[in-house]
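Only one structure is covered here, and it is reproduced in the block below.
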Amino acid sequence: MNSNNCSGRHPPIVFLSDFGPGHYLGQMKGVAASVAPGASLLDLTHEISPQNIFEGAVVLKDSYEEFPEGSIFVCVVDPGVGSGRCPILIRKQGRFFVGPDNGLMSLVPDGSDFQAVLLDKPEFFRSRVSRTFHGRDIFSPVAGHLWNGVLMDAIGSRMECEIVHLAIPEPVFSEKMMEGCSLFFDSFGNIITNIDSEMIDEGSWAVEVKGKRIGKICRTYSEVHEGRLCAVIGSSGRLEIAVRNGSASEKLHLARSRHVRIRLVKK
């Protein structure tokens with residue numbers, strides 16, 4: 001039995017990256033399977049915008065609870081690979097997160113079980129470590145050893161400093177207006193914002209994006225005609241801007257990396 005596993009069952013190893021299609025993910029899974037042949041290898045996503053650490057962090061925050069306790073996440077959005085940034089292993093919220101210390105894993109709340117170690121023991125790495133692919137050569141084998149029951153303290157050394165933290169920007173409120181921003185665009189081209197459903201009375205606000213008045217917040221996409229913009233509370237509990245059967249980012253001529261201001265006005 002895996003002594004790291006707080007749920008009493010063998011957990012999956014879950015992969016998140018900005019790799020998109022291609023062979024890099026397959027190599028990471030191959031290394032993990034070689035170290036832990038019995039492990040279930042799952043994908044969260046590999047469609048994070050290239051080098052977009054913040055997007056990866058938000059997606060991970062929104063998704064980790066859908067996986068069982070004890071799950072091991074291999075997180076690779078790592079533009080600083082090979083530089084002075086540290087490879088780390090974190091335990092929080094009953095799950096494990098392996099990846100670079102660049103803020104990618106920091107939006108998952110720490111919780112009472114928070115622990116972090118620096119991955120500084122090469123015996124748990126692939127025999128040859130590339131300067132440009134730590135996902136394959138460090139993070140995946142470490143995940144495999146962790147799945148096999150090797151304890152965190154054996155895999156790495158306790159960190160002497162805090163991990164790098166990111167923060168989701170807060171919307172700005174006034175008496176009759178709220179201004180938020182995009183966090184990222186999902187695979188449908190929906191604009192996911194930093195405005196949480198708990199912050200607003202859905203029936204009291206009208207939404208504007210790029211000077212376009214979208215109108216009320218809808219309950220479902222189907223409340224508007226096909227091809228029309230709409231604002232809805234998405235599955236993450238955040239306000240999103242969408243197009244029924246289309247892409248909001250394309251309709252508004254937005255690059256995926258572009259920061260978008262979202263304005264809510266009291267009706």
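How about Lys216: which aspartates and glutamates have a C-alpha closer than 14 Å to its C-alpha, ignoring those fewer than 8 places off in the same chain?
Cross-link targets: Asp201, Glu202, Glu208, Glu240.
Going through the stretch 122-230, which trypsin sites (Lys or Arg not before Pro) have at most 14 other Cβ atoms within 10 Å and a DSSP loop state?
Working: sites: Arg126, Arg128, Arg131, Arg136, Arg158, Lys176, Lys210, Lys212, Arg213, Lys216, Arg219, Arg228; in loops: Arg126, Arg128, Arg131, Lys176, Lys210, Arg219, Arg228.
Hits after loop and neighbour filter: Arg128, Arg131, Lys176, Lys210, Arg219.
Gaussian network model of the chain, Cα springs within a sub-10 Å range: biggest mean-square fluctuation belongs to which of Gly84, Gly156, Gly99?
Gly84
Treating only the Cβ of Lys, Arg, Asp and Glu as charged (+1, +1, -1, -1), what charge dipole size does the stretch 1-107 show about its Cα centre? Round to the nearest 20 debye. Please report the intermediate quantities before stating the final value.
Details: 7 positive and 10 negative charges, 77 e Å.
Computed about the Cα centre, the dipole is about 360 debye.
What Kirkwood hydrodynamic radius do you get for the stretch 116-192 when you take the inverse of the mean 1/r over all pairs of distinct Cα atoms, in Å?
Working: mean 1/r = 0.0614 Å⁻¹.
So the Kirkwood estimate lands at 16.3 Å.
Pulled fully out, how much extra length does the chain show between Ser187 and Cys161, if you take 0.36 nm times their separation in residues and subtract their Cα-Cα distance? Provide the component values of the computation, followed by the final result.
Numbers: separation 26, 0.36 × 26 = 9.36 nm, distance 3.59 nm.
My answer for the length gained is 5.8 nm.
For the chain, take the convex hull of the Cα atoms, compute a quarter of its surface area, and give me that in nm², please. Before the final figure, lay out each step's value.
Values: hull surface 61.4 nm².
Averaging across all directions leaves 15.4 nm² for the Cα convex hull.
Counting only Cα atoms, I'd like the Rg/Rh figure for the stretch 13-158, Kirkwood definition for Rh. Intermediate results must be reported in sequence, preceding the final value.
Numbers: Rg = 13.5 Å, Rh = 14.8 Å.
Rg/Rh: 0.91.
Extent of the stretch 172-266 along each principal axis, from alpha carbon coordinates, in Å, largest to smallest?
Principal extents (Cα only, largest first): 33, 28, 25 Å.
Return Val31, Val150, Val77 ranked ascending by Cβ neighbour count within 10 Å, so the fewest neighbours appear first. Spell out each step's value before the answer.
Numbers: Val31 23, Val150 17, Val77 26.
Arranged by neighbour count, lowest to highest, Val31, Val150, Val77 become Val150, Val31, Val77.
Report, ordered by chain and residue number, the lysines lying within cross-link reach of Lys61, taken as a straight Cα distance under 27 Å and ignoring same-chain residues fewer than 8 apart.
Within the straight-line limit of under 27 Å, Lys61 reaches these lysines: Lys29, Lys92.
Restricting to DSSP H runs of at least four residues, report the calculated mean residue ellipticity at 222 nm for the chain, -39500 (n - 2.57) per run over all residues, nearest 500 deg cm²/dmol.
Working: 5 runs with 39 residues, N = 267.
That calculation yields -4000 deg cm²/dmol at 222 nm.
Cross-link partners among lysines for Lys210, C-alpha distance below 23 Å, same-chain residues fewer than 8 apart left out?
Answer for Lys210, where 23 Å is the Cα cut-off: Lys176, Lys251, Lys266, Lys267, listed by chain and number.
Read-outs: derived from the displayed coordinates by stated rules, not from any lab. In this text the structure is predicted, and so the values were computed from the model without any measurement. Positions of Cβ are backbone-derived with ideal geometry, glycine not excepted, and every protein chain shown enters the neighbour counts.
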